[in-house]
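Novice: Pasting in a structure now, in structure tokens, and then I'll have a few things to ask.
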């Protein structure tokens with residue numbers, strides 16, 4: 001993908017920041033780990049990979065409140081990325097969903113970024 005994030009770091013970002021969509025307070029240990037990574041890459045992963053999978057939780061009547069299962073997060077993001085890469089229609093479907101999710105999750109990102117930069 002042309003970034004400086006390892007696969008292990010990427011999966012950590014997925015599972016750690018997914019919980020921000022459930023209103024779970026982010027741990028100081030996790031934030032310290034994020035602070036060692038480029039904020040631009042974290043932001044890209046947040047909006048392009050996590051948000052399309054987890055933003056639904058911000059708009060449903062009975063949202064997940066205790067955090068997402070890490071294995072579910074990993075498998076759903078991996079599935080979404082595979083569908084995006086599989087075909088032109090998959091790419092268009094992903095892009096449409098990503099635009100909506102970016103709008104929905106902007107306030108979550110602002111909170112996350114402020115926590116990282118604190």
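The values are calculated or read from the model by the stated rules, or taken from the named source; none is laboratory data. Model, not experiment: these values are computed from the prediction. Cβ atoms come from the backbone with ideal geometry, glycine included; neighbour counts cover every protein chain shown.
Novice: Does residue 79 count as more than 19 Å from residue 5 (Cβ to Cβ) and assigned to a helix (DSSP H, G or I)? First the steps, then the outcome.
Specialist: Details: more than 19 Å from residue 5 (Cβ to Cβ): yes; assigned to a helix (DSSP H, G or I): yes.
Yes, satisfied.
Novice: Here's another thing I want to ask about it. Go through region 3-61 and tell me which helices (runs of 4 or more DSSP H), entirely inside it, have 3 or more residues that are under 14 Å from the mean Cα position of the chain (by Cα).
Specialist: Values: elements: 7-18, 28-35, 39-45, 51-54.
Hits in region 3-61: 7-18, 39-45, 51-54.
Novice: Now a separate question. Keeping to region 70-118, report how many residues are surrounded by fewer than 15 Cβ atoms within 10 Å (Cβ to Cβ), closer than 22 Å to residue 25 by Cβ and in contact with a helix residue (DSSP H, G or I) (Cβ under 6 Å, 6 or more places away or on another chain).
Specialist: 0
Novice: Which condition breaks for residue 18 when tested against (1) surrounded by 15 or more Cβ atoms within 10 Å (Cβ to Cβ); (2) within 18 Å of residue 111 (Cβ to Cβ); (3) at pLDDT below 90?
Specialist: The failed condition is (3).
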